[in-house]
Amino acid sequence: MSIFSIRLATNPDIPKVLPEPNKKRRAMSKHIKYLELSLEEQLELETVERKPSSPQGLAQRCRIILMTAEGRRVEEIESILKTTRATIRKWKDRYIADGFDGLYDSCRSGRERRKYDTRTRLKIASFAKKAPKAANEKPPEGRRFWTIRTLAEFLGINRGIVQRVLKNESINLKKIG
């Protein structure tokens with residue numbers, strides 16, 4: 001795991017002038033946080049950022065970390081990369097917590113796509129190729145031929161799976177019935 005630390009550094013761009021007694025004092029941050037990267041970490045981030053084949057989201061996150069490490073202000077990073085403060089903060093915090101691995105996308109919510117197994121594929125393909133004629137299975141009443149929907153209902157299998165199997169096997173249902 002990477003070794004890094006957060007350091008507070010005074011910003012040399014902020015003048016050290018005391019406000020006049022009658023004027024209200026504006027709130028200004030005296031310190032900005034920056035990351036101190038090892039040479040190895042910096043090279044890894046720069047390599048991914050420059051590589052044309054790396055995902056652009058990951059390259060953008062590497063730019064955020066590199067600019068933060070240079071000591072740039074959040075507003076400056078925001079305007080250069082056309083992103084938001086929340087995004088900058090999120091990826092900086094993830095990098096601090098998990099290192100380079102924290103810059104990858106985490107798993108998305110939602111149900112995973114169900115894969116069909118070999119038995120299901122064979123069941124659909126064999127029925128579509130042979131079974132209707134051999135078993136005298138005719139299309140449902142009122143239909144001249146089988147459709148994906150009627151075949152899926154008859155076999156008790158999801159319509160999307162039936163459609164993918166028929167497409168992969170190059171089976172045309174109109175020629176079956």
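A short reminder: the numbers here are calculations on the coordinates, not readings from a lab. Remember, it's a predicted structure, so these values are computed and weren't measured experimentally. Note: ideal-geometry Cβ built from the backbone for every residue, glycine included; neighbour counts use all protein chains shown.
Couple of notes before you dig in:
- Taking 0.36 nm per residue of sequence separation and removing the Cα-Cα distance, the Arg119/Lys90 pair yields an extension gain of 6.0 nm.
- Taking only the Cα atoms of the stretch 118-175, the ratio Rg/Rh comes out at 0.92, with Rh defined as the Kirkwood radius.
- Assigned charges on the beta-carbon of Lys, Arg, Asp, Glu; the stretch 118-175 dipole about Cα centre (debye): 180
- Potential lengthening between Glu141 and Thr83 on full extension [0.36 nm per residue; Cα-Cα distance subtracted]: 15.0 nm
- With both labels modelled 7 Å from their Cα along Cα-to-Cβ, the Arg111 to Leu39 distance reads 5.4 nm.
- Highest to lowest packing among 51-58, 166-173, 92-99, scored as the average C-beta count within 10 Å: 92-99, 166-173, 51-58
- You can think of it this way: the chain between Arg73 and Thr47 has 7.1 nm of extra reach, that is 0.36 nm per residue less the Cα-Cα gap.
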